[in-house]
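The values are calculated or read from the model by the stated rules, or taken from the named source; none is laboratory data. Quick caveat: nothing in here was measured; it's all calculated off a predicted structure. Quick reminder, even Gly has a Cβ in these numbers, built from the backbone with ideal geometry, and neighbours come from all protein chains shown. With ligands, DNA and RNA removed, areas are computed over all heavy atoms of the protein, side chains included. Shrake-Rupley method; radii C 1.70, N 1.55, O 1.52, S 1.80 Å.
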Amino acid sequence: MKSIRLRYLTREGVKNIGTNRLMSFASVAVLMSCLVMIGCAVLLYFNIDALLKSVESQNVIMVFVEKDADEKTVEEVKNRISALDNIESVEFISRDVAYDTVLESLGDNSGIMNGVDSSFLPDAFEVTVSDMEFFSLTVNQIRDFDHILSIRENSDLADRLEKIRTAVSYVCIGIIILLFIVALFIIANTIRITMFTRRLEISIMKAVGATNSFIRWPFLIEGVTLGIIAAVLSMGVLYLIYYLAGEALLTIFGIFGGGLINFMDYAPYLLIGFICVSVVTAGIGSIFSIGKYLKEQGSVVDETN
């Protein structure tokens, strides 16, 4: 296809949007609805994931060292724990610090500790893991080390959190795939209706020798352009929904000690994703509808004309 003809067909595709305002509006509205629902599913996943990470950060492993361990032994234990693959941080908590924490927790009843010093407490490490999926494995690895008095952890909570994350991931991915298929189906049928309303125009073009490529290109440009418009408008609608519902979500998430993610931190990625989904959906829908329509009309011609 020559560049001059390509520019002409591209202009025709963009011009068709204004010519067929009602169908263009319907296409944008349908695609916007699907994109907004996809965006809500994505933001919900990100918020739940951030909440789970916040809860996970509080699910640490407390490792207590034997009481008679000297400073060198304690340092060796710390180095061995830090060397494990799934360790994010290891914080040393001396027996003196632990003793002060005990006194503080007793409050007005701290007098019962009179005459008792910190020697009855062991030194300890507060260990934070990088990946909760391997929480139990990490605990077992630490338990095998020498000079470990005891370990306090909550593997059950870690397993539950990981199962929740997996379930949320599957649900959100399923919703996104389903909405993508729905958008593809509806856009394809919307374009097909548009072609049907312009069947006289297409018949005239075929009568004067227009090739299938000549007919397809304006519709393809029209579909992709409408997809980009829908993507941009969807971002604005999604922004309003997110912040209007933000107060209710913040109340729910606040119960678990979490907060909402900043929409603007994810906006560029959402916009790029929306544009990609819109262009692919509109492009595939246009090609599929046009090809099927031309075949039904028995309009297969020599593409080299």
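None of L22, L44, L52 is at pLDDT below 85, loosely packed, with under 12 Cβ neighbours inside 10 Å and in a helix (DSSP H, G or I) except L22. Please indicate, with yes or no, whether at least one residue in region 104-123 is open to solvent by 30 Å² or more (accessible area, probe 1.4 Å) and modelled with pLDDT of 85 or more. No, there is no match, as no residue in region 104-123 is open to solvent by 30 Å² or more (accessible area, probe 1.4 Å) and modelled with pLDDT of 85 or more.
Among the numbered conditions (1) open to solvent by 60 Å² or more (accessible area, probe 1.4 Å); (2) modelled with pLDDT of 70 or more, the only one that A231 does not meet is (1).
Filtering region 208-246 to residues that are aliphatic (A, V, I, L, M) and over 34 Å from the mean Cα position of the chain (by Cα) leaves V208, A210, I215.
In the set (1) open to solvent by less than 40 Å² (accessible area, probe 1.4 Å); (2) farther than 30 Å from I48 by Cβ; (3) modelled with pLDDT under 70, the condition left unmet by R199 is number (1). Of all residues in region 10-37, those that are within 18 Å of S234 (Cα to Cα) have Cβ atoms under 6 Å from Cβ atoms of residues that are at pLDDT 80 or above and surrounded by fewer than 21 Cβ atoms within 10 Å (Cβ to Cβ), 6 or more apart or on another chain, in V28/I229; M32/L233; V36/V237.
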